[in-house]
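K.L.:
Quick one: the structure is below, and I'll ask about it shortly.
The values are calculated or read from the model by the stated rules, or taken from the named source; none is laboratory data. In this text the structure is predicted, and so the values were computed from the model without any measurement. Heads up, the Cβs are rebuilt from the backbone with ideal geometry, glycines too, and the neighbour counts pull from every protein chain shown.
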Amino acid sequence: MKIEHLLITRFSYRNYTNGNGRSPQYDSDPLDPEKLEFRFLIFEMICLPNILAQVNKDFTWVFIIDEHLAQEYRDKLFELTKSLKNVYLYEFKNEDQFSLDCFKDYFSADADYVITTNIDDDDALPVYYIQDMHDHVMESYKLKNLAPLKILAA
């Protein structure tokens, strides 16, 4: 049985804007260089070391980014995650809302099960999280007790 695991991280994505680059959920533009530097600082202190420390590295990490994220920040994300083999930046669009179809290019068509985990850029997971999720799917499969599921980490 082939299991694939997608970690999905929204990184300074504006989401719905009001025309001036601001999202109703933010007080300021998440692409403001000062705000981005702060987000990177938190990401590098909390999320990144935690994901790099995962015992099982059999996952694909997809960063949802804003189409206007400057190239220097895209390059920085790739540089910080270069030790991982499957890292992608995806320019999320409003029409992608409420569907996982936009992520189908990031896992194999022959995958029997795809686990998705949403993790914010300031969150952490237990270091055995990926392994535990894979083990859980395998055990449930053996027991013929596997329903579709989506694991949210927040």
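K.L.:
Would segment 88-96 turn up any residue that is surrounded by 14 or more Cβ atoms within 10 Å (Cβ to Cβ), of a type in the set (Asp, Glu), in contact with a Cys (Cβ under 9 Å, 6 or more places away or on another chain) and at pLDDT 90 or above?
P.N.:
Within segment 88-96 (the criterion being surrounded by 14 or more Cβ atoms within 10 Å (Cβ to Cβ), of a type in the set (Asp, Glu), in contact with a Cys (Cβ under 9 Å, 6 or more places away or on another chain) and at pLDDT 90 or above), the answer is no, since none of the residues qualifies.
K.L.:
So which residues in segment 58-87 are in contact with a helix residue (DSSP H, G or I) (Cβ under 9 Å, 6 or more places away or on another chain) and loosely packed, with under 15 Cβ neighbours inside 10 Å?
P.N.:
58, 70, 83, listed by residue number.
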